[in-house]
Every structure is written in C-alpha cells, then in structure tokens.
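As structure tokens, the structure follows; a few thoughts come after it.
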Amino acid sequence: MVEKIQPGDAIHPGKPVTVDRYGPAARANHWITALSLILLGISGLALFTPSLYFLTGLFGSGQNTRAVHPWIGVVLFLSFFVFFFQLWRANLPERVDIVWLSKIRDLLSGHEENLPELGKYNAGQKFIFWGMTALILVLIASGVVIWEQYFAEYFSIPARRVAVLAHSVAAVLIICIFILHVYAAIWTRGTLQAMTRGTVTGGWAWRHHRKWLRELAGQRKTGPAE
Amino acid sequence: MDSPRTAVSNPPTQPMASNLGPGDLIRRSATAELPPPTRKLTEVAKLIDVSKCIGCKACQSACVEWNDTHPAVGENVGAYENPHDLTENMFTLMRFTEWVNPETDSLEWLIRKDGCMHCADPGCLKACPAPGAIVQYSNGIVDFIHENCIGCGYCVKGCPFNIPRISKADHRSYKCTLCSDRVAVGQGPACAKACPTGAIVFGTKADMIKHAEGRITDLKSRGYANAGLYDPPGVGGTHVMYVLHHNDKPHIYANLPDDPKISPLVQGWKGVTKYVGIAAMSMMAVGSVIHGVFARPNRVAAEDEENAEKLVEGKPVPPPNHATTSEGR
Ligand code: SF4
Ligand code: SF4
Ligand code: SF4
C-alpha cells in the first residue's frame, strides 16, 4: 500500500526545490497548540513545585493562574485535536519505523544515509505525535476531574486524588516530549521553516523523508515553478 | 503569655495584642525554608465527648456567630443534619447516626461534631501549592490564611477527613480555625464555650488527654467496654479529639475514618513525582543544551539539494535502498 499523500503537499521546482509540508491551517493550529502548551507548562509548574510558584506572577496572581490554567487546557485540547485529524494517517506506524529505530545511532552520529528511506514522518516524530495525543487525553480527562470551579464536586475525593497524580505524571512526561520535539526540530537544521513558512527545501526532504519526496515527484504533484 | 488553659473564662475588657505571630509557625505551606519558631507554645486541644453531646447545635450557632459566616437558609430533607454538609459557611456540623448495637440490639443515637481535626501531620498543608496559605502554629492549630489561598482545592485532596470547602464566591478554602483568633487572645473556642453539657472542652493537649481518661473510666463502668480516646496516630495525633463509646469502630460515627492517614496517592504526588519529575525535565533540558553545543547539527548537504533537483527534473537519482526500505505497512 502506498502511503497516501497528504492534501496540500506539493513540490515546486527551482533552486533549491521547495516542498510544501504544512498549509496555513495546520501551521495556525500548531502554533496555537504550542503557545497553549507553553502557557500550561508555566502555570502548571508554578503549582507543581513551590520553587517555581513565582511563575504565577506572569499571570498576575496565584488566583489568576488557577483560574486560567484549565481554560488554556481546553484551547490546547481543541487545537491539538483539529491538528490530530490533519496528521494522524501519515503517523500510522510502519515496519520501516522499527528498522529506522534500530539504526538510531547512525542518525545521531551523522550517517543518515544508512537509514531506510522514510515517508512524511520518521519513528521519532510518530512517537512524539502519539505520545502527545495519549498524554493530552490523560491531561484533559484528569484535568476535568480536578477542575475545582465546575467539575470537582461531581467526583469523589479518592477519584480526585488519582486524577491529580495522573495529571502531574502526564504533565511531566509531556514536558519531556515537548523538549525532545523542540530540540529535534532545532538539531535537524531546516526543519523549523516547515512550521514557519510551511515549506522545506528539496534537499531536506531528500535527506530525511526521501520516500515522501519520491512519492510527491512520482505522482507529479508538482506545483508551478516559483 | 502561653496558650489558654480553658474555654470557660471570660475575656478582659481591655483590648489585647494577638499572641500568635509569625514566630509561632512550625509549618507553612509550600515553604521550604521556614525560620525556626522563636518559642514553643504549649499544645492545645479541643476534646469532644460524643457520649455527652445532646445534638443541640449550640456549637454550630456559636461558630457561625463568632466567625460571622452566613450559611444559606436550609431545607428539610428529613435528616437532622443542618446544613447537610460542611460548607465554606459552616465550619462544624453535627452528624447524626442511628446505629443498632448488635450486642444489645438497642438503638444508639450517635452524634458527632464534625470539623477540622487540626492534625499534627496535616495533609491539607502538605498538598497546598500556595506559599503561606496554610500554616501550623506550635500550639497545634492548623489555620488557612485566606489572602494567600488560590482556590485550587489541593487541600481537599490532601485532607484525610474531608474537611476543607472551597467557596464558589471568593475561590478560597475555609474550615474550622480552632478559633485561632480567640486562642491568640487567651480565649477558648466559641463552640466549646457555648456547649451547654460540657461535651466540648478545651485546654492543653495533656490536660485534655487526662480529662478524657476520666470520662473513659466512667463510660467503661457503665458497660461501654470499648470506650476510648480518638487521637489517631496515622496523622501524628490531632488537636481535636473525641471520646467515643465505641472507639473500636470509629466508622459508625458518620464515617469517621478508623485509621486516617495522608493518602499514599497524595504522598506520591507531593513526593516522588515531584522529585523524579523535576529531575527528568531538567535532564531533558540540560541534555538538549549540551547536545546542541557539542554535537554536530544534522545539516542538509549540497548533494541532497542536487539530488532533489534531479529527482524533480526527472533525471536519474540514486535508487531507493530496497534492503532497508519497507514496501508497505
Ligand atoms: S485551595 Fe487554598 S488552601 Fe487549599 S490547597 Fe489551594 S491554595 Fe492551599
Ligand atoms: S483535618 Fe484536614 S483540614 Fe484539618 S488539619 Fe487535618 S488535614 Fe488539615
Ligand atoms: S473551634 Fe471555632 S471555628 Fe472551630 S468549630 Fe469551634 S467555633 Fe467553629
């Protein structure tokens, strides 16, 4: 089965070749999600450990921090899940992901040519995608249970204790995945522009996602030259 | 001036300065480095003798009066509890249980004055994320400092007795103060002072334990073989204690916990999760920075761009590496 090409992905010949990777809607969603996640991280960490309580100052007060955090969570949940439906197909795991993962050392030591050719996402990106998906589900569900203003009273105190523990463990994990995601995008030069301009260079696609590039070229999804 | 010894004395007519200050704090929520207390006050306690309580609710009225709370007008749902639960406007509540003693087959009407137990090891304080929203004085009183409270409800999860209530109006947590403002000026709690039967007494914790012993001896002589003092060790003892006629089964008194402890979930949340979590997040961040500084970035080579251009122009490019490329899902 050939990986379905995502609508909107297209090649523009030129020097260098540019490849459309994310349309404006996906990018907008990505940045809303990113901003929400950062604000949630700051406000959540402020209530997670007293040494970071001073971060509540960014929101005006502890009371404000407590009040806005869950609402930002709702924004994150909605924007992430629009984003989710744009990306999930291309993130389904494949056998090649196991081969790729088994050679991850080659990637880190600069021998990416030893790794298999990949579609739009590599195993690391898929891990981040599904990890975020699962953790956001845990966070929204547990977050509702401990949302004091509206919902906490509908749950027993033992249930709220489970929820607050699950919420903090999931938050720690998602922050770790977030750091991994940001760092991987920085380390792999040329990646950030996929989320700013929406395009990557042909060389970037050839190097990291050659199967995706071949498919785009093969299906002649070639846009007009720039 | 040390802690008051009784709730029955009347206050002097002259104004008095508060005797509970920052130097009396032995714990302060979300505060790691609390200066040691400047003196040690004698521990106080309120002793509630369930066997003497007639359920008149004078204590509830006194509490509302003293704390100037405004409970809503109640609604009769066929139970004696009024209101039906503790609220941010009702810090203490008489809970009524009709219990048939299986040994004697007689009905016993158990009336327990519910409210904060002023635990020596307070779960509410342990859970609270806001610096100084919950404090514990060296006399044993656990007090909520409302201006520091952020209304998160963590104290509700931390408390083993289901005591704190968050106001929907001002988003702050409320509970019995053990009348810290009265104790600070040498007075006992309002509820103890109002009790017409002497079921609520107040004094030093040592005196209250001694007083309870007398009551327990009396109850035993009247056939309550399991009478005893409820001062649960799981929370380090409490500064509100009960004399129970059936101390072998506290749960019959409207679900008073048999062996209250701070939940292991709360301990795990505030303990290992916090330390391991912070370590993990810091390691990720520091590891990324180190890798970013010392490792070579993964850059696209000029050759990659050339290959992409050839591919797009339809010129021959290196073929897919079939040994390592999967042909399908
Ligand atoms: S509601 Fe207030 S007192 Fe309770 S844990 Fe939160 S900040 Fe502390
Ligand atoms: S009974 Fe609950 S609210 Fe009172 S001191 Fe103990 S833990 Fe805190
Ligand atoms: S000690 Fe004071 S605050 Fe607590 S129940 Fe009695 S009157 Fe109310």
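With a requirement of 3 or more residues that are away from ligand 3 (no atom under 16 Å from the Cβ), the strands (runs of 3 or more DSSP E) lying completely within segment B:143-253 that satisfy it span B:228-230.
Residue pairs whose Cβ atoms lie under 8 Å apart, separated by 6 or more positions or on different chains, with the first residue in segment B:145-166 and within 14 Å of residue A:158 (Cα to Cα) and modelled with pLDDT of 95 or more and the second of a type in the set (Val, Ile, Thr) and near ligand 2 (Cβ under 8 Å from one of its atoms), are B:155/B:134; B:158/B:262; B:160/B:235; B:160/B:262.
Cβ separations smaller than 9 Å between residues 6+ apart or across chains give the following pairs from segment A:59-81 residues that are free of Cβ contacts under 8 Å to residues at least 12 places away in the same chain to residues that are within 16 Å of ligand 3 (Cβ to nearest atom): A:63/B:172.
Condition check: on the phi > 0 side of the Ramachandran plot and in contact (Cβ under 8 Å) with a residue 12 or more places away in the chain. Does residue A:202 satisfy that? So residue A:202 does not fit the description; no.
Whether any residue in segment A:104-115 is over 30 Å from residue B:131 (Cβ atoms), out of contact with any strand residue (DSSP E or B) (no Cβ under 6 Å at 6 or more places or on another chain), away from chain B (no Cβ under 12 Å) and assigned to a helix (DSSP H, G or I) is what I want to check. Yes; the residues of segment A:104-115 include at least one that is over 30 Å from residue B:131 (Cβ atoms), out of contact with any strand residue (DSSP E or B) (no Cβ under 6 Å at 6 or more places or on another chain), away from chain B (no Cβ under 12 Å) and assigned to a helix (DSSP H, G or I).
The rows are residues; the columns are (1) in contact with a Leu (Cβ under 9 Å, 6 or more places away or on another chain); (2) at pLDDT below 95; (3) not β-branched (Val, Ile, Thr).
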residue: B:263; (1), (2), (3): no, no, yes
residue: B:266; (1), (2), (3): yes, no, no
residue: B:272; (1), (2), (3): no, no, no
residue: B:275; (1), (2), (3): no, no, yes
residue: B:280; (1), (2), (3): yes, no, yes
residue: B:288; (1), (2), (3): yes, no, yes
residue: B:319; (1), (2), (3): no, yes, yes
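No other residue among B:47, B:86 is open to solvent by less than 40 Å² (accessible area, probe 1.4 Å), in the same structural domain as residue B:247 (by TED's automatic domain parsing), in contact (Cβ under 8 Å) with a residue 60 or more places away in the chain and within 16 Å of ligand 1 (Cβ to nearest atom) apart from B:86. Against the list (1) closer than 15 Å to residue B:31 by Cβ; (2) among the basic types (Lys, Arg); (3) within 16 Å of ligand 3 (Cβ to nearest atom), the condition residue B:113 fails is (1).
Of all residues in segment B:107-139, those satisfying the criterion of being part of a strand (DSSP E or B) and either modelled with pLDDT under 95 or within 25 Å of residue B:39 (Cβ to Cβ) (or both) are B:119, B:134, B:135, B:136, B:137.
The values are calculated or read from the model by the stated rules, or taken from the named source; none is laboratory data. This is a predicted model, so every value here is computed, not measured. Methodologically, a virtual Cβ is constructed for each residue, glycine included, from the backbone with ideal geometry; neighbour enumeration extends over all protein chains shown. Note: areas computed on protein heavy atoms with side chains; ligands, DNA, RNA excluded. Shrake-Rupley method; radii C 1.70, N 1.55, O 1.52, S 1.80 Å.
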